[in-house]
1. List the pair-distance distribution P(r) of the stretch 234-339, using every Cα-Cα distance, as the percent of pairs falling in each 5 Å bin from 0 up to the bin containing the longest distance, rounded to whole percents.
2. Sort out for me the Cα centre separation of the stretch 191-217 from the stretch 242-319, rounded to whole Å.
3. Between Arg107 and Asn49, what is 0.36 nm times their sequence separation minus the Cα-Cα distance? Round to one decimal in nm.
4. For the pairs Lys212/Lys233; Lys212/Lys287; Lys181/Lys212; Lys212/Lys284, note any where the Cα-Cα span goes beyond 30 Å.
5. Rounded, prolate or oblate: pick one for the stretch 70-226, where a ≥ b ≥ c are the square roots of the eigenvalues of its C-alpha gyration tensor, a/c under 1.5 means rounded, and failing that, prolate if a/b is larger than b/c, else oblate.
6. To the nearest 0.05, how large is the calculated FRET efficiency for Asn229 and Ile319 if R₀ is 56 Å and r is the Cβ-Cβ distance?
7. Please list the non-local residues whose amide H lies under 5 Å from the amide H of Leu247, H modeled 1.01 Å from N, same-chain partners needing a gap of 5 or more.
8. Using a simple spin-label model with points 7 Å from Cα along the Cα→Cβ vector, what separation in nm is obtained for Tyr74 and Asn270?
Amino acid sequence: MLKLKKAQQNMASHCYFTHNKGRITGLFLLFVLLCGAPTFAIAKEETPNFPLNMEQLLANLSDAHQPELNDQPYPRSLEYHHQRWNVLEESLANEQVTLSIEKRPQRIIPHAVGLTEVLWAITDHERITSVHQSCRNPNYSFLANQLPDTLPTYGSEDAEIVIGMCPDLVLTTYYSSPTFKNRLTLSHIPFVEMGFFGDIASIERQISFIGKLVDAEASANHLVTTMQNSVAKIQKIVQQRSNEQPLQVLYYDRMGFVAGKNSTFDSLCNTLDIENVATQNGIKFFKQIGYETVLMWDPDIIIIPEDSGLDQLLLEQPILASSKAVRNGNIRTMPSVYLMASSQYTVASLNYLAGVLYEK
């Protein structure tokens with residue numbers, strides 16, 4: 001159904017995930033970074049004062065269906081800008097890719113939570129033939145409580161199951177394993193690999209492309225507009241709440257990893273006009289740091305995963321007792337599902353982060 005042709009390639013900016021399967025799994029969990037916590041007492045957190053009503057925002061991001069008026073005949077030709085992670089050079093390769101679409105996809109299987117969340121919001125649910133098993137985990141997926149029990153699921157390496165469902169389109173990611181994609185190729189199952197994403201803008205571009213790919217362009221455009229309007233409203237409210245001096249924030253996870261330049265967390269910081277301490281100190285992608293480094297960087301606020309147990313762990317570290325975040329009780333938590341969002345729900349992550357940083 002799909003034919004791909006590469007047009008041109010050059011090198012571009014850095015990204016934050018590797019293509020190694022083991023490290024990818026770990027790094028996706030690193031989207032839940034670590035922090036320093038008070039050595040005296042952590043202030044009890046209540047429901048954050050979100051800039052936008054979170055329930056309504058999630059509803060708007062979950063359903064963007066619009067009447068589709070595209071009457072362009074098949075086959076169709078699509079061009080899109082694809083970014084590929086270069087492991088050896090730690091950079092992005094830019095490719096202009098041309099796709100020939102023979103017919104409208106009717107049996108679509110996404111190979112990631114984020115891709116499923118996009119499809120669920122813009123296309124008929126009946127066209128989604130199966131979803132990855134992680135889509136049913138509320139720690140990873142905003143759709144966990146929306147997916148019907150009758151919708152089949154599969155695992156990351158279950159290529160045979162995917163092939164057996166006879167999809168006419170599989171959407172893979174740049175971190176999908178080569179083995180999985182190779183088995184699809186050998187079985188003549190058409191798939192399109194989505195490129196690197198590291199910020200809200202790149203996710204918006206992917207949503208627009210997916211809309212064209214699955215013939216849901218009007219719905220995809222509506223979803224992107226919803227994202228952009230919501231971001232603008234969040235920024236306006238944050239400007240009213242914030243002081244002249246930008247907050248300095250660190251995102252720290254269970255394994256001591258922090259997120260630096262080109263991570264989604266860094267993009268959220270940039271959008272809110274706050275300073276990501278890891279990026280300020282030259283961190284690219286993800287890197288492990290010790291308590292001494294946390295103390296040396298001394299952020300105003302440290303973000304940790306909710307229910308991670310990090311607060312108690314860090315309370316026992318005497319070296320952090322004099323840090324600003326610990327002394328002032330500025331250890332804030334976010335649910336994992338918001339920390340790992342890789343779809344339109346990054347806007348909800350932005351709303352959540354703004355709520356915990358600018359509590360009244």
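No lab work stands behind these numbers, since they all come straight from the coordinates. Bear in mind that the values here come from a model prediction, so they are computed numbers and not experimental data. With ideal geometry, Cβ positions are generated from the backbone for all residues, glycine too; neighbour counts draw on all protein chains shown.
1. Spelled out per bin, shortest first, that is 2, 12, 23, 26, 21, 12, 4, 1.
2. Each part reduced to its Cα centre gives a spacing of 29 Å.
3. 16.8 nm
4. Correct reply: Lys212/Lys287; Lys212/Lys284.
5. rounded
6. Efficiency for this residue pair is about 0.80.
7. When sequence neighbours closer than 5 places are left aside, the close amide H contacts are Glu275.
8. With each label point 7 Å from Cα toward Cβ, the separation is 3.8 nm.
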